[in-house]
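Take a look at the structure set out below.
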Ligand SMILES: Cc1ncc(COP(=O)(O)O)c(C=O)c1O
């Protein structure tokens, strides 16, 4: 009989069935087979390990395509009567390779990039430049040239300084740069909450607050609009904002949309211009653990559309064409990471350390450390953001009792945690495979070679077969750049 461990966080429940898959965490096509082993599209995880090794990112291509379509359909339906639909830019920073660019294009989405390297992937994949946006708070001149060479649909300008550089570079080339201005509306959102502030203290974007520049009364955002309209080499398409990440509620998006529409209407009237586009960024949340309950895309889209519809009517303006930039919401849940278990150890933690009663003597509780063959080099999010994940025993099912466990990596950092708190069967042993779902976004993309670990490959599964879309690094790759001089 197992009860909650006092060491577990309040949100973590002992699962009724440790072998069950909590559906919102997993890509479509993931199941247990008759032998109890985890499969994706019928392929067993042990077969995937034999062919590709571990750690391994296992991504469902059909699930990626389905999520991209579902997101795009939900927003297009909601905004159809307002601005004829929505342009969905997949945020490549979440996970990018040439296969993904092709899927994005085939599903009718566009691509958001944030560096010359991401533009290089886009170019190699052959997506038309018109369907690509370039972000970044510190674009190099080379990146701006590359964006113009590729005739990008939009460069999202982040500062007054950059606006001048883009204008000059484009003018010197006899070119025109299609520009969106990234504004900071003072709305910051995360999961269920958002805060609204008048002032901005962050590196991104042009502040909408009125007293942040030396020109009396003009915000940086307005200065940028005024400057953009003066430059013949700039075609000012519109405005952009991005208010945060892992957001479940529509309220923050709605407030940001209202603020930007107020500003857009004011700028159109004051400068006698038309700003035909408004980008409301990304940040739509996904489930990482069973307590995460993101709203369906349609619900968020409808709530945002209602606000845009009524605000434009109240302002008496034609609604701009809306675009959004989801990354995590498309790729996050398509992928799980497969790890092999190595060393196990159990420590005992004092009751007082967890607020327990130790009056009667030495009361301690067990916490088991389950080490796997990867860690913070393939998923730094727990270290960077205290991000929570979930994990299951994947290579077999088990009837053993649940035991509070901490899945840790193999790096030389005590903070090298993969899953901080999870109940796993107490018979988990070296050689077992664990699967951690929800690792499609900002894991491979943020991976490193810390401790000279080779970065894992990414396998895409579709129609019952698997293929590498990014091969894993080899020791040769790791040594290649060491000049040895
Ligand atoms: C400007 C911009 N757009 C879109 C995104 C994508 O966010 P998410 O993957 O949370 O949807 C980000 C993420 O940081 C971003 O900075």
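We did not get these values from a lab; they are worked out from the coordinates using the rules stated. Predicted model, so just to flag it, every value in this text is computed and none were measured. Every residue, glycine among them, receives a Cβ derived from its backbone with ideal geometry; neighbour counts consider all protein chains shown.
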For region 131-200 versus region 394-436, the gap between their alpha-carbon centres in whole angstrom: 43
Residue-averaged 222 nm ellipticity for the chain, from DSSP H runs of 4+ at -39500 (n - 2.57), nearest 500: -9000 deg cm²/dmol
Label-point separation, residue 124 to residue 81 (7 Å along Cα→Cβ), nm: 4.6
Fully extended contour minus Cα-Cα distance, from residue 272 to residue 10, at 0.36 nm per residue: 88.7 nm
Viscosity 1.002 mPa s, temperature 20 °C, Stokes-Einstein D of region 99-202 from Kirkwood C-alpha radius, µm²/s: 143
Degrees, to the nearest 10: 116-125 long Cα axis against longest axis of the chain: 80
Fewest-first sequence of 150, 304 by Cβ atoms within 10 Å of each Cβ: 150, 304
Convex hull of Cα atoms in region 1-105, direction-averaged projection (nm²): 11.1
Separation in nanometres of the label points that stand 7 Å from Cα toward Cβ, at residue 298 and residue 176: 4.0
Rg [Å, one decimal], Dmax [Å, integer] - the chain, C-alpha atoms: 24.5, 82
Most to least packed among 411-420, 316-325 [average Cβ atoms within 10 Å]: 316-325, 411-420
Equivalent ellipsoid dimensions for region 95-326 as semi-axes, Å, which come from the Cα gyration tensor, largest first: 26, 24, 16
Pairwise FRET efficiency - residue 168 versus residue 427, Cβ, R0 = 45 Å, nearest 0.05: 0.10
Inter-probe distance in nm under a simple model that places probes 7 Å from Cα toward Cβ, at residue 476 and residue 452: 1.7
Inter-centroid distance (Cα atoms) of region 441-459 relative to region 302-354, Å: 21
15 Å reach of a label modelled at residue 47, 7 Å along Cα-to-Cβ, counting backbone N of region 434-471: 460-468
For region 92-152, fraction of C-alpha pairs farther apart than 16 Å, in %: 33
